[in-house]
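The values are calculated or read from the model by the stated rules, or taken from the named source; none is laboratory data. In this text the structure is predicted, and so the values were computed from the model without any measurement. Note: ideal-geometry Cβ built from the backbone for every residue, glycine included; neighbour counts use all protein chains shown.
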Amino acid sequence: QQQVKQSPQSLIVQKGGIPIINCAYENTAFDYFPWYQQFPGKGPALLIAIRPDVSEKKEGRFTISFNKSAKQFSLHIMDSQPGDSATYFCAASKRGNNNDMRFGAGTRLTVKP
Amino acid sequence: NAGVMQNPRHLVRRRGQEARLRCSPMKGHSHVYWYRQLPEEGLKFMVYLQKENIIDESGMPKERFSAEFPKEGPSILRIQQVVRGDSAAYFCASSPGDGPQPQHFGDGTRLSIL
């Protein structure tokens, strides 16, 4: 049962572009939504996270937009750079459930110079 | 990813052998999670442990797989009688406590079954 659906599967943008990765969740009990960045041969690294009491969170060039009613959230990368080329995973977890975190299938982002 | 230490980084086993994967959580973290990742796929939850307790093993196959997190020492994911389908990257993550908190990942163990 896939509780977090992520799209697109892959994404190619030019340097300076704004890639957008979307996720949708089913369980309304989810209340913590992190994004992870993974480079080849490495483990996922926490990038940015949001809770449903805000609609947007920005950290540097990374922004999460959150739509609670639609049960969707997205990651925007401003002024993308070749070094941002990686696989990005969204995730969701719910309070009081032993930190049971569900991950999306991932988006492979390529930023061309 | 510094802080969560996994070893070995690469492990090669023949079918029928046992594989032991180790994970030392970040300092101060008492919660450990194991995930499995196949090529081009996301992370699949396997098991969640606290010291000396298995909290949730709903993602772990009932046979051949086991996990522990003893009072002293690293968490161990053990796969007995490995088969080709066990080939994957296995990641460990840790967090400081319960509730929705960020999980910090190690760099994984790549298991290859010959």
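Listing for the model above:
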item: A:GLY60 being without any contact (Cβ under 8 Å) to a residue 12 or more places away in the chain and within 30 Å of B:ALA88 (Cβ to Cβ); result: no
item: Residues of the stretch A:53-106 that turn out to be exposed (fewer than 13 other Cβ atoms within 10 Å of the Cβ), away from chain B (no Cβ under 14 Å) and in contact with a Gly (Cβ under 7 Å, 6 or more places away or on another chain), as a count; result: 1
item: Inter-residue pairs, beta-carbon under 6 Å, first touching a residue at least 40 places away in the same chain (Cβ under 8 Å) and within 14 Å of A:ARG108 (Cα to Cα) and in the stretch A:8-19, second surrounded by 12 or more Cβ atoms within 10 Å (Cβ to Cβ) and of a type in the set (Gly, Ala, Ser), 6+ apart; result: A:VAL13/A:SER80; A:PRO19/A:SER80
item: Selected residue (only one of B:GLU52, B:GLU57 is over 11 Å from the mean Cα position of the chain (by Cα) and free of Cβ contacts under 8 Å to residues at least 12 places away in the same chain); result: B:GLU57
item: Residue identified as buried (at least 22 other Cβ atoms within 10 Å of the Cβ) and more than 10 Å from every other protein chain (Cβ to nearest Cβ) among B:SER94, B:SER24, B:SER87; result: B:SER94
item: Conditions (1) of a type in the set (A, V, I, L, M); (2) surrounded by fewer than 16 Cβ atoms within 10 Å (Cβ to Cβ); (3) within 21 Å of A:ARG102 (Cβ to Cβ); (4) modelled with pLDDT of 95 or more: number failed by A:ALA29; result: (4)
